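Notes follow the structure.
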Amino acid sequence: MNNTVTTPKTRTKTKAEPKVERPRLHKVILINDDYTPREFVTMVLKAEFRMTEDQAYKVMITAHKLGSCVVAVFTRDVAETKATRATDAGRAKGYPLLFTTEPEE
Ligand code: TYC
């Protein structure tokens, strides 16, 4: 009679799954050169990347021996800002000190 049309037992999903992805992280890389004093590189690493003397020395000496060293990873904006500030600190003293950034895989 009245009740012959039944409610469907299954429903189509209408809401999209919220797809939240973490932002890709970017590496800050310290590049070796022949002119910037070791102590200055270590000082910049401590100041800009909040490293201890030990951590900063290890990163500096790794770049010195191998040519480059990953300093840390950040979101893209933070990585680029820190790399620029650290590079500028060297430039202000006339040193060719260079920090670059690259995205992580
Ligand atoms: N190679 C430099 C020197 O012998 C020191 C140095 C280390 C410079 C690491 C840059 O990223 C660097 N004075």
For this session: Could you please tell me which pairs satisfy a Cβ distance under 9 Å, a separation of 6+ or placement on different chains, a first residue in the stretch 57-73 that is over 14 Å from PHE99 (Cβ atoms), and a second residue that is of a type in the set (Lys, Arg)?
Result: TYR57/ARG38; ILE61/ARG38; HIS64/ARG38
Problem set entry | Close pairs from the stretch 19-32: first touching a residue at least 24 places away in the same chain (Cβ under 8 Å), partner surrounded by 17 or more Cβ atoms within 10 Å (Cβ to Cβ) and aromatic (Phe, Trp, Tyr), Cβ under 8 Å, at least 6 apart | LEU25/PHE74; HIS26/PHE74; VAL28/PHE49; VAL28/PHE74; VAL28/PHE99; ILE29/PHE99; LEU30/PHE99; ILE31/PHE99
For this session: Could you please let me know if GLU102 is under 10 Å from LYS27 (Cα atoms) and in a strand (DSSP E or B)?
Result: yes
Problem set entry | Subset of the stretch 46-99 (residues that are assigned to a loop (DSSP other than H, G, I, E, B) and more than 15 Å from the ligand (Cβ to nearest atom)) | ARG50, THR52
Seminar exercise, completed: Within the stretch 26-38, restricting to residues that are under 24 Å from ASP54 (Cβ atoms) and either polar (S, T, N, Q) or part of a strand (DSSP E or B) (or both), the one that is farthest from the ligand (Cβ to nearest atom) is LYS27
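Laboratory data are not the source of any read-out in this text; all were calculated from the coordinates shown. Bear in mind that the values here come from a model prediction, so they are computed numbers and not experimental data. In this analysis, Cβ positions are derived from the backbone assuming ideal geometry, glycine residues included, and neighbour counts consider all displayed protein chains.
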